[in-house]
Structure formats: C-alpha cells, structure tokens
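Enquirer: Quick one: this structure, given as structure tokens, is what I'll be asking you about.
The values are calculated or read from the model by the stated rules, or taken from the named source; none is laboratory data. Given the structure is predicted, the values throughout are model-derived calculations rather than measurements. With ideal geometry, Cβ positions are generated from the backbone for all residues, glycine too; neighbour counts draw on all protein chains shown.
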Amino acid sequence: MIEEVCSGLHVSVHRAYKATGLSRARHYYKSRRNDSEVIEALQNHIERHPTHGFPKTFAYLRRAGKAWNHKKVYRVYTLLRYNKRRKGKRRLPQRIKQPMTELTRINECWSIDFMSDSLASGRKFRTFNVIDDYSREVLAVEISTSLPSVRVIRILDEIASWRGKPKRIRMDNGPEFISKEFEIWCKTNGIEQVHTQPGKPTQNSLIERLNGSYRTDILDAYLFFDLDEVRLLTEEWIEEFNERRPHESLKNKTPKEWAEIGSQAFFPGRAPGKKLEDSIIKENSLL
C-alpha cells in the first residue's frame, strides 16, 4: 500500500507512512530468520516417511542431534503444510476390560495375529505377524498365500531357536490358533495360551497397533505384483521399525534398545555390548 501511495502520488516514504498512520519502522525491517536447515531436515524425513505425524518427526530430529525446540519445528512444519487433519475418536460400546500384566523383560509374552491383502492381479495373500510385548520388537512377518497351523508352528520354532521361548502367547480365536496341533505344541514347550474374547480385538492391542502401522506404511502404500516385492519391502520396514524408529511408549527408544534393557533382566550375567542373540543361543545350549 505504501509503495502505491509513493508511486501514485509522488510523495516521500515519510509522508506516506504519516498519512496512513502506519509505523515507518516496518519499512526498513528485514527479517534475519533462516529456516533453511529445518526445512531441509523436514523435507528429507517426510520424503522417507510420508505417514509420520509431527510428534514422530520431531522425535526423529531430536535423535539425529538437532537442538531446535518443538515450537520452531512445528512453525516450519505447518508452513510446509505437513500438518494433517486429525480424525475424532470413535465412541465404542463399553467392553469388559482385560488388563494386561506389566512386563519387565523380553520373552514374557508374545502376541501373534494374521493380516490379509491382495496383489495387483487380485490374488489374495496373508501375513503372520509376531511381536514381543515387552520391547514392541517385530520378531517375524511371514508372507504367503497359505499359512496353516503347521507352518505357524514352524515359524515360532525358528524364532525360539535364536531368541528363546516365550512364557505365554496372546492371540485371538482363529482356526490356526485353536487347532489341536498348535495346542499340543504349546503344552509340549510349556507355553501358556492367552486367547482374547471373540469380537474383542482391543484385548490384543499391541499386535493390533503393529498391524495398523504395517498396513499404513506397506500394504496400503504400495501396489504389489508378486510376493517377492512384499517380502523385500517388509524386511526393510522391519529393520526400520526395530532399529531406528523411536516409540513414545518406550520413552522414544527403539525396540532393539529397549530389548537390550530387558535382556539384562533375562540374562543378568551378560557382558555389556554383547549381542542379544549370542547370549540367548549360549543360554539355550546350557539348558
């Protein structure tokens, strides 16, 4: 407006500001704010993780050694229009609460569940997901068109060979989990079966939370033409999830870091810095 007054009426800047009643200091003020580093860091992170919101993005930046406070980062975050509309919580009917016991170390409880999706050709496939409830660590995501109870048992045996057996396994009432073969395997290995009530998926909330992240980041984000593509992207996602992704419920530590804390309780004599898998293999050989 001042520029139009000065050019149209051929008056000085001083007279233009005096006539308009505005402060003349604004005419000479030049902002020294430089957000180029914040913009570059946010763009690089969002490009790699487009589904992450601000809390997760800010946690990543802090772990990378960035000292910016949340107000500065969020100001740039909104200027770049990365902030998303939040959906309101759905009101659910009252359910019978099944409190989950507090865990203090790894292998106290695993959670298992199935997911399903389809290829571009329309062919259906399933995934069998296994998570350690203490560390939130993804132990396996097996992908195939058929996952009967015999194969589920084989997958769990493979995990137990390098990590050790769990005390109990939490699951729903799927046909693979209530089969005779699976029940016999659990009794033989001294594993307690914890079944959720029918129609109560929230009683297995940890694996359901993992399923949501996996579907958002992988299954809903890509168009697959064969199972090898699904397996390759899943392996990369598991590595990211276990070793680099901070979790608010774990005090912004990764599942691998939290598992190391739990392994000290599970293997109190383990030397510092020694790999968790080596300690478990040694412990199994002694047994």
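Enquirer: Report every pair of residues separated by at least 6 positions or lying on different chains whose Cβ atoms are under 6 Å apart, first residue within the range 185-206 and of a type in the set (S, T, Y), second not in a loop (DSSP other than H, G, I, E, B).
Expert: Listed by first residue and then by second, the contacts come to T196/Q203; T196/N204.
Enquirer: Could we say that V152 is closer than 13 Å to I112 by Cα and in contact (Cβ under 8 Å) with a residue 12 or more places away in the chain here?
Expert: Yes: the conditions hold for V152.
Enquirer: Output the residue which, of all residues in the range 55-90 that are assigned to a loop (DSSP other than H, G, I, E, B) and among the basic types (K, R), is modelled with the lowest pLDDT.
Expert: R90
Enquirer: Moving on to the next point. Working only within the range 217-261, note down all residues that are in a helix (DSSP H, G or I), hydroxyl-bearing (S, T, Y) and surrounded by 12 or more Cβ atoms within 10 Å (Cβ to Cβ).
Expert: T234
Enquirer: Here's something else I'd like to know. Could you check how many residues of the range 152-188 are over 22 Å from M100 (Cβ atoms) and among the charged types (D, E, K, R)?
Expert: Final tally of qualifying residues: 8.
Enquirer: Further, regarding this structure: Take the range 21-54 and flag every residue that is assigned to a helix (DSSP H, G or I) and either surrounded by 13 or more Cβ atoms within 10 Å (Cβ to Cβ) or among the polar types (S, T, N, Q) (or both). Give the derivation first.
Expert: Taking the range 21-54 as the starting set, the residues that turn out to be assigned to a helix (DSSP H, G or I) are 25-28, 36-48, 54.
Once the filter is applied, which keeps residues that are assigned to a helix (DSSP H, G or I) and either surrounded by 13 or more Cβ atoms within 10 Å (Cβ to Cβ) or among the polar types (S, T, N, Q) (or both), the range 21-54 yields H27, S36, V38, I39, A41, L42, Q43, N44, H45, I46, F54.
Enquirer: Checking I280 against (1) surrounded by fewer than 14 Cβ atoms within 10 Å (Cβ to Cβ); (2) modelled with pLDDT under 90; (3) over 19 Å from the mean Cα position of the chain (by Cα), only one condition comes out false. Which one?
Expert: Of (1) surrounded by fewer than 14 Cβ atoms within 10 Å (Cβ to Cβ); (2) modelled with pLDDT under 90; (3) over 19 Å from the mean Cα position of the chain (by Cα), only one is false for I280: (1).
Enquirer: Pull out all pairs, ordered by first then second residue, where Cβ-Cβ is under 6 Å, the residues are six or more apart or on different chains, the first lies in the range 207-218 and is touching a residue at least 12 places away in the same chain (Cβ under 8 Å), and the second is outside any helix (DSSP H, G or I) and among the charged types (D, E, K, R).
Expert: I207/D113
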